[in-house]
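Have a look at the structure below, then the notes.
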Amino acid sequence: MLDLRVPSGWFFTVLGLILLGMGIFAPDTRAALSDANVNLYSGLSMLVFGLIMLLLAWRASRRAS
Amino acid sequence: MKLAPVDYTILAVYFAFVLGIGWMLRKKMSTSGDFLLSGRSVPVWITSLAFIAANLGAQELVGMSASGAKYGIMTAHFYWIGAIPAILFVGIFMMPFYYGSKARSVPEYLKMRYDEKTRTYNAFSFAVMTIFSSGISMYALGKLLQLVLGWDFSASILVSAAIVLVYTFLGGLTSAIYNEVLQFLLIVAGFSPLAILAVAKAGGWQGIQTRLGAMTLAGGMSGKVMTHAWTYMGSPHSNPMGVELFGLVAGLGFVLSFGYWCTNFLVVQRAMAADSMNSARRTPLIGAFPKMFLPFIVIVPGIAAVALARMGVGYSIPLDANTHLPNYNLVITTLMAKFYPAGMLGVGLTGLVASFMSGMAGNVTAFNTVWTYDIYQTYIRKNAPDRHYLHVGRATTIVGVLLSIGAAYVATRYDNIMDLLQLVFGFVNAPLFATFLLGMFWKRGTGHAAFSGLVTGTVAASLTWCLTVAEGKGGILGNLHTFPSAMAQSFWIALMAFTSCFLVTLLVSLATKPRPEKDLEGLVYGLTKIPEDRGSWYQRPAPLAVTVIAILLVLNIWFA
């Protein structure tokens, strides 16, 4: 059976990279009511989450084989 | 609101992943059981999140933030009182019968426990109801995207429906469940930053309390009514929801929520897809953990929005174009527009689209199973080879999606018909929990009794609506009582339905011939062996439930 941690891990890694890229290369993209670099922080957390999912899936597949 | 190319990219990435998951699962579908029941093989963490996500549709997200803006933190009762106790109950007490009976659907359990007519009543009302609720939610999403982004109504519902169709057609229930987990994670990722940003801007919870306090005091209620969930429940006139303690706890917390979480096949199906009895029982219990904290990301932004609107920082509650009254349904999207830059805005809106898809896929897969097994196999073609039912299941996916789209267009033409339908389904559903309660825990309950109880309950519910008035609705046969709010009225309608169904089922059971005990093995408490649980605390249902209750108490005391 497909290990769901793989596609969801990749999904959040890709999303995280897009937002992180926005946060780093277009740091002036800000919303009307927020002074924070929202893309940078949320991108970073999504990237970390995605990588953790991939790590867990990788460990599980190694244990299985 | 205008989207940047990066926002569309994120939406496209999401579409690619949900379709990809469906594509990867397509080969596993060789029997009707694989397609409609996931072959009972899904890991527990996945069923748990899907159990919560199937209920977390777009209407729920939009509606809960709107209620947060209108009623404050009391809205959390829909989660804490109105969901968690029922979720614990279905996991601990009812799942052994659902999963252990080997029934393939909730209506089929009714057939095994009672008789054919009780099942048919439930199967038909459920099938019609899922189509319409999927249609109504499609309509709501299409309207919202049209209003906020200027997207074409037909284009947005047809594209989202087509994507749901493709991935459920390819991978059946498994694909729907797997995608629901992805959708749930995306909803959390897309909505939680909004809660943090909006609350921080409004001066934290303290700042919100001060600002809303001034507002409710001016409106003649206590200054703390928007930020306290329990303190002002004594009288319906002292809180903005217009409900009182008994109506809330008995109506919402008992009848409505147990009726939904314990008998609605849409959610129960997720637990029944789990890989073992132990996993099936733990599915609702593990799902209860994230469920308890959802109010902080779906309700709190609505509360913060009202505070922000009073601060003169450049945010105001959007007004309806025709009535010029506040349109709270737009709170969540306008907040996103003000707090999310291009990029994160794409994630937020994709989260909204994802919630719509998870709700719709939930409806479609539940409809599929009930149609194929409870209606088609029972009335149209009985003893066909399994391959035939696999094809029927696949075809039903297409039909289900097409019917939902049809229902969405009906909703655009006849607003009132949809209101009426929702009301009628409310009547049909309200008594159901009494039927299940007596069916699972009282071996004397009989089929004739269950059926007459259900019919009486529905009649009692409609009579209550016809004889009472709230917010100008109901009372078409006279007015015996006026409720302070439509919500209070719906709680009491549910109570009347449950009580009358319970009593009638009880009395008719005693007057009719009981079924022999050997027919009821595995279906009723006392005649069913419940497997002993082994392992660490988190592998056993009871300690999990106790942990949930402890956290629930802390949350309720904190926000009392």
| said: If I filter the stretch B:424-453 down to residues being part of a helix (DSSP H, G or I) and among the aromatic types (Phe, Trp, Tyr), which single residue comes out as nearest to the chain's Cα centre (by Cα)? | reply: B:PHE425
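Matching residues to (1) within 30 Å of A:ASP35 (Cβ to Cβ); (2) surrounded by fewer than 22 Cβ atoms within 10 Å (Cβ to Cβ); (3) touching a residue at least 40 places away in the same chain (Cβ under 8 Å); (4) of a type in the set (Asp, Glu):
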residue: B:LEU248; (1), (2), (3), (4): no, no, yes, no
residue: B:GLN269; (1), (2), (3), (4): no, no, yes, no
residue: B:ASN278; (1), (2), (3), (4): no, yes, yes, no
residue: B:LEU285; (1), (2), (3), (4): no, no, yes, no
residue: B:PHE296; (1), (2), (3), (4): yes, yes, yes, no
residue: B:VAL300; (1), (2), (3), (4): yes, no, yes, no
residue: B:ALA305; (1), (2), (3), (4): yes, no, yes, no
residue: B:GLY312; (1), (2), (3), (4): yes, yes, no, no
| In the stretch B:192-231, residue farthest from the chain's Cα centre (by Cα) [restricted to those that are hydroxyl-bearing (Ser, Thr, Tyr) and either on the phi > 0 side of the Ramachandran plot or assigned to a helix (DSSP H, G or I) (or both)] | B:THR210
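One line per residue, one yes/no per condition, for (1) assigned to a helix (DSSP H, G or I); (2) away from chain A (no Cβ under 14 Å); (3) surrounded by fewer than 24 Cβ atoms within 10 Å (Cβ to Cβ):
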residue	(1), (2), (3)
B:LEU3	no, no, yes
B:VAL13	yes, no, yes
B:LEU56	no, yes, no
B:PHE78	yes, yes, yes
B:ILE87	yes, yes, no
| Number of the exception - A:SER42 against (1) more than 13 Å from the chain's Cα centre (by Cα); (2) without any contact (Cβ under 8 Å) to a residue 40 or more places away in the chain | (1)
| Sole residue being away from every other protein chain (no Cβ under 14 Å) and in contact (Cβ under 8 Å) with a residue 60 or more places away in the chain, chosen from B:MET129, B:MET221 | B:MET129
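This table checks each residue for (1) more than 7 Å from every other protein chain (Cβ to nearest Cβ); (2) outside any helix (DSSP H, G or I); (3) buried (at least 20 other Cβ atoms within 10 Å of the Cβ).
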position	(1), (2), (3)
A:GLY9	yes, no, yes
A:LEU17	yes, no, no
A:GLY21	yes, no, no
A:ARG30	no, yes, no
A:LEU33	no, yes, no
A:TYR41	yes, no, no
| said: Taking the condition of being more than 14 Å from every other protein chain (Cβ to nearest Cβ) and either surrounded by fewer than 24 Cβ atoms within 10 Å (Cβ to Cβ) or of a type in the set (S, T, N, Q) (or both), how many residues in the stretch B:318-351 meet it? | reply: 13
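Out of all the residues in the stretch B:150-184, which are of a type in the set (Phe, Trp, Tyr) and free of Cβ contacts under 8 Å to residues at least 12 places away in the same chain? Please lay out each step first, then the result.
Of all residues in the stretch B:150-184, those of a type in the set (Phe, Trp, Tyr) come to B:151, B:153, B:167, B:169, B:178, B:184.
Within the stretch B:150-184, just B:TRP151 meets the criteria.
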| request: Taking B:GLY171 as meeting all but one of (1) away from every other protein chain (no Cβ under 14 Å); (2) part of a helix (DSSP H, G or I); (3) buried (at least 18 other Cβ atoms within 10 Å of the Cβ), write down the number of the exception. | output: (1)
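Bear in mind these aren't lab numbers, they're just calculated from the coordinates by the rules spelled out. Because the structure is a prediction, the values reported are computed rather than measured. Positions of Cβ are generated from backbone atoms using ideal geometry, with glycine treated the same way; all protein chains shown enter the neighbour counts.
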